[in-house]
1. Taking the Cα of R148, stepping 7 Å toward and past its beta carbon, and measuring to each backbone N in the stretch 43-66: which are under 20 Å?
2. Once Lys and Arg get +1 and Asp and Glu get -1 on their Cβ, which of V57, L131, V169 lies farthest toward the positive end of the dipole of the chain?
3. Please return the longest stretch of the chain lacking exposed loop sites, where GluC sites (Glu not before Pro) count only if DSSP places them in a loop and at most 13 other Cβ atoms lie within 10 Å.
4. Alpha carbon centre of the stretch 66-134 versus the stretch 146-194: separation in Å?
5. Name the most mobile residue of L76, L107, L26, meaning the one with the largest mean-square fluctuation, in a Gaussian network model of the chain with Cα contacts below 10 Å.
6. Helix-derived [θ] at 222 nm for the chain: sum -39500 (n - 2.57) over DSSP H runs of at least 4, divide by residue count, nearest 500?
7. Over the stretch 19-188, calculate the relative contact order: mean separation of alpha carbon pairs under 8 Å at least 6 apart, over the residue count, as a percent.
8. Just the number, please: percent antiparallel of the DSSP beta bridges in the chain, rounded to the nearest 5.
Amino acid sequence: MIPPVKPGVTLPMPMDLVIETERLLLRRWRDADVAPNTEMLADPDSARFITPDGKPVVDAFVGWRNAAIMAGHWALHGFGLFVVEEKRTGRYVGRVGPWFPVGWPGLEVGWGVAKSLRGNGYAVEAATASLDWTFATFEIDKIVHIIRPENAASQNVAQRLGATIERQVELFDHVSDLWVTQRDAWTARPKLSA
């Protein structure tokens, strides 16, 4: 079940919401995002942690279906993972944001950045904006991040965000760590630098 929205907050239609950071735009999905999202998922290092079966996406239809699921979350719930784009170039960076499919262990803010753009601090920058938006929008005390124990890069992002491991969960036949960002700690934190 989707958490309650804060009093006075109305979830925007997908076309209405764009979050701007210093270097990035976080926005709704477009048809033009299918190909770069599929390319990101075709990379074995990305697919290992993002796709349900851990295998690279090598079929255009499967890539389209993945993007349709992301866009469908927006259509069904009024929020979802944002497409992240570089402001300067318009280039697809990845997808970052809130996600809460059926059976998920909590409202998650997740991240996935294209291999060619990793190491620029984009995941932390976009996740910070997503966490700010999610805590400002929903009546929740915590946001989760589901990270496989061998995913050192995502663990580093979670640590930079101030998240801590609460427990382990099993999803898609894999054991993952359930990292948690607490509202109180998030709102009391010093500002992060990318």
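1. Taking a point 7 Å out along Cα→Cβ of R148, the residues of the stretch 43-66 whose backbone N falls under 20 Å are 43-59, 62-63, 66.
2. L131
3. Working: sites that count: E22, E139, E150.
For GluC sites (Glu not before Pro) (loop position, at most 13 other Cβ atoms within 10 Å), the longest site-free span of the chain is 23-138.
4. After rounding, the separation between the Cα centres reads 15 Å.
5. Of the options given, L76 has the highest mean-square fluctuation.
6. Details: 6 runs with 65 residues, N = 194.
So the helix-based figure for the chain works out to -10000 deg cm²/dmol.
7. Working: 286 pairs, mean separation 29.5, N = 170.
This gives 17 percent for the stretch 19-188.
8. Working: 30 of 31 bridges.
Close to 95 percent.
All of the numbers you see were taken from the coordinates with simple rules; none came from a lab. Quantities reported herein were computed from a predicted structural model and do not represent experimental measurements. Ideal geometry is used to build each Cβ from the backbone, glycine not excepted, and the neighbour counts take in all protein chains shown.
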